[in-house]
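Asker: This structure is in structure tokens; I'll ask about it shortly.
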Amino acid sequence: MLGIFLGLLLIMGLAYAGWSIIWVAPIAAGVVALTGGLDLLDAYTNTYMDGFVGFARDWFPVFMLGAIFGKLMEDTGMARSVAEALTKVIGTKRAILGVIVSAAVLTYGGVSLFVVVFAVYPLALAMFRDANIPRRLIPPTVALGAFTFTMTAIPGTPQIQNLIPRDYYQTDAMAAPIMGISAAIVMAVGGYLYLRWREGKLRAAGEVYTEPKDKKVFNQEEEEKIPPKLFTVLSLVPLAAVVLSLNLFGLDIVVALLIGIFLIMAFNIHKFRGFSAAVNAGAGGSVIAIVNTSAAVGFGAVVQAVPGFDRLTQLVLSVPGNPLFSQAVAINVLAGATGSASGGMTIALNALGDRYYEIAIATNMEPEAFHRIASIASGGLDVLPHNGAVLTLLAITGMTHKDSYKDIFVVGALIPVLSSVVAILVYAIGLL
């Protein structure tokens, strides 16, 4: 078990220093393998690569189509149109709330978390400038809207973290709606109140908005005229189509995303010359995203192969009380170890999913409850310094871990972990 923690510290430390997890993960896996008594070459060529390739094989279509969908939303102006419409309704004085809602709507509509960052950041910059809010709060604000309640808790979300548990518990994306909504309220309200409190503290300390040192943090095209109201309405249709196709009609997520992509193209047929570039960029970006996650899964596969993991599993399963709680602990630990919500949850459910499903059947507990807790728990300790989405968010906003990570951790890890406890309590009192 010591080797597991050494590998975890190594992967976290090097990622915090800015090194790519694509090559850091195999090195950390090597440390785990050596200290766990595994053959180093076999652990890499077989155990690590089996985990890496297995995850990529199962989820690459979703990653690729999700990235293409999001890139088309971005390049056609639809994502920005939705975000601007929402913030106009909310108002610039409530800049933090406006950014949270914009990111949340895009995420729940199926847009990739990485694309949401690109789509919302320009708007967040303008609103924070008008409200004179320090820029260091932009990363945690975007993280709250994109990486928390819309990713794991709200029933029906098409994000991968809500889809993975379906195969293990024979459920659907709408599993345990009351538990999910309860956790979502804790995350959304708790995170928002915390960020407003932080805003007040920073203002009292004399911090104000400052312009980025490099205004070309991302590719900024020449500002276009505000789209007409009809375009804003049409921009909502592909987002709604993905959610409804997945939940109301029970279609596969791949089919749902294809429907969304078709609608974007149909509504923007006059921009067809740019479709190939957007599709190419989305597909290319999905490769980096899935390789990062697969690298983390490969690291977790090696962790799972060493004898210390069996001991760790026994400790987790021996956690007293409700089995939902032990599942939440297991997924949080492994999501933190891998720095990936989807990767950590996949590892945990591969090892323990059958056992928890058997427990559910034997004790007359609803499998839907295990689905929802698995999803919520995956979005807890995954937001450690080596998390890929965190690294991308900080890079795009021009902030550092020192500037913003403490606030990201509170809204993206601490409060979501507490929300898992609330969801379990909701189930304990007889609500699902």
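Asker: Return a yes/no flag: does segment 365-372 have any residue that is open to solvent by 20 Å² or more (accessible area, probe 1.4 Å), over 12 Å from THR148 (Cα atoms), in a helix (DSSP H, G or I) and aromatic (Phe, Trp, Tyr).
Answerer: Filtering segment 365-372 down to residues open to solvent by 20 Å² or more (accessible area, probe 1.4 Å) leaves 365-368.
If we keep only those that are over 12 Å from THR148 (Cα atoms) too, we end up with 365-368.
This time we only want the ones that are in a helix (DSSP H, G or I), so: 367-368.
After this cut, where a residue has to be aromatic (Phe, Trp, Tyr) as well, the list is none.
Within segment 365-372, not a single residue is open to solvent by 20 Å² or more (accessible area, probe 1.4 Å), over 12 Å from THR148 (Cα atoms), in a helix (DSSP H, G or I) and aromatic (Phe, Trp, Tyr).
Asker: Let me ask something additional. Is one or more of the residues making up segment 92-112 closer than 20 Å to LEU230 by Cα, modelled with pLDDT under 80 and surrounded by 24 or more Cβ atoms within 10 Å (Cβ to Cβ)? Break it down into steps so the answer makes sense when it comes.
Answerer: Filtering segment 92-112 down to residues closer than 20 Å to LEU230 by Cα leaves 102, 105-106, 109.
With modelled with pLDDT under 80 added as a condition, the list becomes none.
No - not one qualifying residue is present in segment 92-112.
Asker: For segment 191-228, how many residues meet the condition of being part of a loop (DSSP other than H, G, I, E, B), surrounded by 10 or more Cβ atoms within 10 Å (Cβ to Cβ) and either of a type in the set (A, V, I, L, M, F, W, C) or at pLDDT 50 or above (or both)?
Answerer: 9
Asker: I'm checking my understanding of the structure. Among residues of segment 248-276 that are over 12 Å from PRO238 (Cα atoms) and in contact with a Pro (Cβ under 7 Å, 6 or more places away or on another chain), which one is most open to solvent (accessible area, probe 1.4 Å)?
Answerer: So in segment 248-276, the residues over 12 Å from PRO238 (Cα atoms) come out as 248-255, 269-276.
Next cut, in contact with a Pro (Cβ under 7 Å, 6 or more places away or on another chain) only: 253-254.
Numbers: ILE253: 6, VAL254: 42 Å².
So the residue we want is VAL254.
Asker: Regarding segment 38-61, can at least one residue be identified that is at pLDDT below 90, among the polar types (S, T, N, Q) and open to solvent by less than 50 Å² (accessible area, probe 1.4 Å)?
Answerer: Taking every residue of segment 38-61 in turn, none turns out to be at pLDDT below 90, among the polar types (S, T, N, Q) and open to solvent by less than 50 Å² (accessible area, probe 1.4 Å).
Asker: I'd like to verify a number: residues in segment 392-406 that are in a loop (DSSP other than H, G, I, E, B) and open to solvent by less than 50 Å² (accessible area, probe 1.4 Å), how many? Step through it out loud before you land on a result.
Answerer: Just the residues of segment 392-406 that are in a loop (DSSP other than H, G, I, E, B), to begin with: 398-400.
Restricting the remaining residues to those that are open to solvent by less than 50 Å² (accessible area, probe 1.4 Å) gives 398-399.
So the answer is 2.
Asker: Now, a different point. Here is a check on your reading of the model: is ALA33 more than 19 Å from the chain's Cα centre (by Cα), small (Gly, Ala, Ser) and surrounded by fewer than 16 Cβ atoms within 10 Å (Cβ to Cβ)? Full working, then the answer.
Answerer: Details: more than 19 Å from the chain's Cα centre (by Cα): yes; small (Gly, Ala, Ser): yes; surrounded by fewer than 16 Cβ atoms within 10 Å (Cβ to Cβ): no.
The answer is no for ALA33.
Asker: Checking ILE361 against (1) in a helix (DSSP H, G or I); (2) open to solvent by 10 Å² or more (accessible area, probe 1.4 Å); (3) modelled with pLDDT under 90: exactly one of these is not met. Which one?
Answerer: Of (1) in a helix (DSSP H, G or I); (2) open to solvent by 10 Å² or more (accessible area, probe 1.4 Å); (3) modelled with pLDDT under 90, only one is false for ILE361: (3).
Asker: When you go through (1) in contact (Cβ under 8 Å) with a residue 12 or more places away in the chain; (2) open to solvent by 30 Å² or more (accessible area, probe 1.4 Å) one by one for LEU425, which number turns out not to apply?
Answerer: (1)
Asker: Considering only segment 310-336, state which residues are open to solvent by less than 10 Å² (accessible area, probe 1.4 Å) and under 23 Å from PRO26 (Cβ atoms).
Answerer: ALA335, GLY336
Asker: Hey, another quick one. Tell me, yes or no, whether segment 375-391 has at least one residue that is among the β-branched types (Val, Ile, Thr), open to solvent by 20 Å² or more (accessible area, probe 1.4 Å), at pLDDT 85 or above and out of contact with any Leu (no Cβ under 9 Å at 6 or more places or on another chain).
Answerer: Our first condition is that a residue be among the β-branched types (Val, Ile, Thr); within segment 375-391, this holds for 376, 383, 390.
In the following step, the residues that additionally are open to solvent by 20 Å² or more (accessible area, probe 1.4 Å) were identified as none.
Within segment 375-391 (the criterion being among the β-branched types (Val, Ile, Thr), open to solvent by 20 Å² or more (accessible area, probe 1.4 Å), at pLDDT 85 or above and out of contact with any Leu (no Cβ under 9 Å at 6 or more places or on another chain)), the answer is no, since none of the residues qualifies.
Asker: While we're looking at this one, here's another question. If TYR48 passes every condition in (1) out of contact with any Gly (no Cβ under 7 Å at 6 or more places or on another chain); (2) over 30 Å from LEU251 (Cα atoms) but one, which one does it miss?
Answerer: Every listed condition holds for TYR48 apart from (1).
Asker: Could you list, in sequence order, the residues of segment 277-309 that are over 21 Å from LEU14 (Cβ atoms), of a type in the set (A, V, I, L, M, F, W, C) and either within 19 Å of the chain's Cα centre (by Cα) or surrounded by 14 or more Cβ atoms within 10 Å (Cβ to Cβ) (or both)?
Answerer: ALA278, VAL279, ALA281, ALA283, VAL287, ALA305, PHE309
The values are calculated or read from the model by the stated rules, or taken from the named source; none is laboratory data. None of the values given here were measured: they were computed from a predicted structure. A quick note on method: Cβ atoms are made from the backbone with ideal geometry, for glycine too, and the neighbour counts reach across all protein chains shown. Surface areas here come from the heavy atoms of the whole protein model, side chains and all, with no ligands, DNA or RNA. Shrake-Rupley method; radii C 1.70, N 1.55, O 1.52, S 1.80 Å.
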